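The structure appears right after this line, and notes come after that.
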Amino acid sequence: MHVVVAGPDELARAGADALEGALLARRDPVLGLATGSSPVPVYDELVRRHREGGLSFAGARAFLLDEYVGLPAEHPERYRNVIDRELVSHVDLDPARVHAPDGLARDLDAAAARYEQQIAAAGGVDVQILGIGTDGHIAFNEPGSPFDSRTRVGELTEQTRRDNARFFGGDVEAVPRRCLTQGLATIMSARRIVLLARGRAKAEAVRHMVEGPVSTAWPATVLQGHPDVTVLLDEEAASLLRRGDVVPLETAGR
Ligand code: F6R
């Protein structure tokens, strides 16, 4: 695990560099995209590079990590709509090549299995962007999620629903209780992983992820076993680390 602590602009650039690297390395790269607030500065930076530098997403495919179950197709917080608003509609990424689990499927288990097959058929994810929940979840793999889990129906913890109420006008009851989420094993299959975390609220989860024993009680600890993970943190998110693991941005890889 490469752990980097830096200012907001540097973090956004480092995250964008990882996705740009994948876009330049292959004609048909597969991007793994997170929603939520953490990756937004990275997407803003990619949009800027597209507009000003001609960075092209034309050959790319993208897979989202997760989706709420039951939000109406046009709901602004449906993750497939969120990623359109934040990235896809601003760049030359073909919306038909952007995939999310189908949270409106009648048969959710079948939709989960189909999603897993789609990722495999695309050849797997080249670079996966992740955020982390205050309870240590990645995607919506809440505490207790098995490390060998694949895309499946999940249930959000009360903590996650409270954390995400800010996207639903502050109303916890408006936050769906169920989701479809890539599993921890699905995420671990990505060739490269870049996780972003900002703010004091993430510090405990970050400490467990980087320094804690590997345990399903803190799902992000599974990442300790991945060969190519970069963790991009601001000072507050890094505030509980012993700091032995932190490396300068320049040495953190491509
Ligand atoms: C979103 C996702 C979640 C978020 C996490 C952090 O697709 O999979 O794991 O990354 O809940 O959310 P933010 O970034 O809003 O703090």
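Among the residues making up region 23-68, those that are surrounded by fewer than 21 Cβ atoms within 10 Å (Cβ to Cβ) and of a type in the set (Gly, Ala, Ser) are Ala25, Gly36, Ser37, Gly53, Gly54, Ser56, Ala58, Gly59.
Given the condition in contact (Cβ under 8 Å) with a residue 24 or more places away in the chain and under 18 Å from Val30 (Cα atoms), answer yes or no: does some residue in region 66-73 qualify? Yes, some residue in region 66-73 is in contact (Cβ under 8 Å) with a residue 24 or more places away in the chain and under 18 Å from Val30 (Cα atoms). For the condition modelled with pLDDT of 95 or more and within 16 Å of the ligand (Cβ to nearest atom), Leu23 does not qualify.
Residue by residue, here is whether (1) on the phi > 0 side of the Ramachandran plot; (2) touching a helix residue (DSSP H, G or I) at 6+ places or on another chain (Cβ under 9 Å); (3) free of Cβ contacts under 8 Å to residues at least 40 places away in the same chain holds:
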{"position": "Thr160", "(1), (2), (3)": "no, no, yes"}
{"position": "Arg178", "(1), (2), (3)": "no, yes, no"}
{"position": "Val194", "(1), (2), (3)": "no, yes, no"}
{"position": "Ala197", "(1), (2), (3)": "no, yes, no"}
{"position": "Arg200", "(1), (2), (3)": "no, no, yes"}
{"position": "Val206", "(1), (2), (3)": "no, yes, no"}
{"position": "Val210", "(1), (2), (3)": "no, yes, no"}
{"position": "Val214", "(1), (2), (3)": "no, yes, yes"}
{"position": "Trp218", "(1), (2), (3)": "no, yes, no"}
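Counting only strands (runs of 3 or more DSSP E) that sit wholly inside region 106-202, those with at least 2 residues that are within 13 Å of the ligand (Cβ to nearest atom) are 127-130, 178-181, 192-197. Of the residues making up region 48-97, those that are assigned to a loop (DSSP other than H, G, I, E, B), acidic (Asp, Glu) and closer than 22 Å to Ser37 by Cβ are Glu74, Glu77.
The values are calculated or read from the model by the stated rules, or taken from the named source; none is laboratory data. Only a predicted model underlies this, so the values are computations on that prediction, with no experimental measurement involved. In this analysis, Cβ positions are derived from the backbone assuming ideal geometry, glycine residues included, and neighbour counts consider all displayed protein chains.
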